[in-house]
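Worksheet for the structure shown next.
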Amino acid sequence: MSATKRSIRVPPHLACRDILTSYMSADSKTFYLETFGCQMNAHDSEKVVGTLVHEGYRQVETVEEAGLVLYNTCSIRDKAEQKVFNRLNDYKKYHKQGKKFGVLGCVAQQEGEKIFERAPYVALVCGSASYQNLPQMLKQLDAAPSAARAPFDEASSRSPALSPAGGGISRTTGASGVSPLVRITGLDDRETDKCFETEFTARTNPHRGYVTIIEGCDKFCAYCVVPYTRGKERSRTSESVLAEARQMADLGYTEIQLLGQNVNSYKDSAGNSAHRKTFAELLAAVAEVPGIRRVRFTTSHPRDFGRDIIDAIDAVPTLCDHVHLPVQSGSDRVLNAMQRLYTRAQYLERIAWMKSAKRDISITTDTIVGFPGETDNDFADTLSLLDEVGYDAVFAFKYSPRPNTPALNLEDAIPDEEKARRLDVLMTKQREIQSASYKKYVGTTCEVLVEGRNQARQQWLGRTTQNKTLNFTAPDSAPPELGSYANVHITTSFANSLVGELVV
Ligand code: SAM
Ligand code: SF4
């Protein structure tokens, strides 16, 4: 059906202004937001929350209390995507009570208007590249009648009047003539050069904050949806990143995490080329902002990982002793099929730079098991890489076929049971590696950022510069303050964490 707008049918005894007012229930300006997926999504949600609050909305803790229910979605693996549709299904009964539903993020961008077919009670579908249009979309949503007065007729809404590509608003009336559904879309194409910059970020942690420096991805790994869901690679200017870092320092933040799908592919978009910074220069500049004590960055792509990043870590103590460098596979054959743009030897060269650094840099990675055609020998190459690098942590995933990606057309799919077996073998091996390597910290003293308290265990939760979890006890007479930095003497190690005592 075309995108032609149809008018909403208003009961004749009510004037338009009256009906809009009455449709707005008392809690229509409350929202509930659930976030799925990576740190980029978590940070996008902080910006979405800030934008909504600035538009006069109030965040609530449960779907039941909310007038507007939003899901910020992830489509990196099939499971994450399914979760969102399960959630929508679980809560569709609330549509009849007048709640409005919105799908944001990667599933929104990937599925677009098809979401209206799968979940016809959804009113807003918005990909991450369109978040800067949220204020206008919220106004449209606000002005739309809710289903409390306009009963939703699922059967009649299966062939919706879809919005124009690129975004818009459409209204469709059910066959019964009583169910006006408003459908608002924000779906930018891959070529967008917009970044979601806002002064209204509602950060959830008062000490540690995210700063996006680059959005999108141009790498097109054969298995990955990100280039399709998050658009082309586009960097912020170093001036705006530094201004945000200074503002955060003024507000009392001491730790900053620079974010991007490939943070080290950063290309300063500053107008004046003389002022443009490389990624390593930007890292150093953020780390030198007065008041900032720790700077992290994630995720780095091996192809664009230069030695200058390690030189910066060597030179600037506030840059944390940690690099997350996803390898995906230890086999050159699989790396080639994945279109990863580097070989095992080139990857190991970068690891050698880290190991020759002045500080003990912890190294973590992502791997995928069961990529189509991955043989026992290929998998053995990944296992041998774990030994060779001695990672401090590994995030391993079973390959999940994703829409639009070239890997969908590859033959020799690995059965799910075999993927699960390989995942188990890999994680068992990595646990052994970590159990042995974490022991070397016992007897040493580390500085932690105090992040929380586990009342049940009577322990404080801290994080080291290497991004390791260090739980510790402190005398009742000298409890550490949340957000402070404390020295902890390490007494015990596990495969994924360390335990110690506060040095007083
Ligand atoms: N840009 C980063 C890089 O190049 O390594 C990765 C970002 S991606 C959002 C996070 C991780 O999800 C990847 O490192 C990869 O291990 C995993 N991943 C991506 N697509 C996947 C798929 N189709 N199946 C399983 N895991 C996947
Ligand atoms: Fe996905 Fe590859 Fe881009 Fe990382 S570099 S986001 S894995 S396409």
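Values quoted throughout were computed directly from the atomic coordinates according to the rules given, and no laboratory measurement underlies them. Quick caveat, the model's predicted, so the values are computed rather than measured. All Cβ positions, glycine included, derive from the backbone under ideal geometry; neighbour counts span all protein chains shown.
Quick one: which of Lys47/Lys139; Lys47/Lys92; Lys93/Lys398 span more than 24 angstrom between C-alpha atoms? List each step's numbers first, then the result.
Values: Lys47/Lys139 17 Å; Lys47/Lys92 26 Å; Lys93/Lys398 34 Å.
Over 24 Å apart, Cα to Cα: Lys47/Lys92; Lys93/Lys398.
Let me make sure I get this right: for the chain, a, b and c are the square roots of the gyration tensor eigenvalues over alpha carbons, sorted descending. Under 1.5 in a/c it's rounded, otherwise prolate if a/b > b/c, else oblate. Which is it? All intermediate terms of the calculation are to be shown ahead of the outcome.
Working: a/c = 1.90, a/b = 1.54, b/c = 1.23.
Because a/c hits 1.5 or more and a/b exceeds b/c, the chain counts as prolate.
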Stretched fully, the stretch from Leu383 through Ala478 gains (0.36 nm per residue minus C-alpha distance, one decimal, in nm) 29.7 nm
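Given R₀ = 22 Å, FRET efficiency for Ala202-Ala143 by Cβ-Cβ distance, to 0.05? Show your work: numbers first, answer last.
Details: r = 24 Å, r/R0 = 1.10.
It comes to 0.35.
What FRET efficiency do you get for Arg303 and Thr428 if R0 is 35 Å and r is their Cβ-Cβ distance, rounded to the nearest 0.05?
Details: r = 30 Å, r/R0 = 0.86.
The formula returns an efficiency of 0.70 here.
Kindly provide the helix-only [θ] at 222 nm of the chain, computed as the sum of -39,500 (n - 2.57) over DSSP H runs of four or more divided by all residues, to the nearest 500 deg cm²/dmol? Mind dumping the intermediate values first?
Working: 14 runs with 149 residues, N = 504.
Computed mean residue ellipticity for the chain: -9000 deg cm²/dmol.
Relative contact order, percent, of the chain when contacts are C-alpha pairs under 8 Å separated by at least 6 residues?
About 10 percent, as a whole number.
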Violating pairs (Cα-Cα greater than 25 angstrom) within the set Lys194/Lys277; Lys419/Lys468; Lys358/Lys468; Lys358/Lys429: Lys419/Lys468; Lys358/Lys429
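If the chain between Arg333 and Asn89 were fully stretched, how many nm would it gain, using 0.36 nm times the residue separation less the Cα-Cα distance?
Answer, rounded to one decimal: 83.7 nm.
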Sticking with the crude label model, points 7 Å out along Cα→Cβ, report the distance from Asp78 to Asn496 in nm, one decimal please. 2.5 nm
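For the pairs Lys355/Lys440; Lys29/Lys99; Lys29/Lys96; Lys79/Lys100, note any where the Cα-Cα span goes beyond 19 Å. Write down the numbers at each step before the final one.
Details: Lys355/Lys440 16 Å; Lys29/Lys99 10 Å; Lys29/Lys96 17 Å; Lys79/Lys100 24 Å.
Those over the limit are Lys79/Lys100.
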Neighbourhood net charge (15 Å Cβ-Cβ; Lys/Arg +1, Asp/Glu -1) for Thr491: +3
Dividing the alpha-carbon radius of gyration of the range 255-304 by 2.2 N^0.38 Å, where N counts its residues, gives 1.18
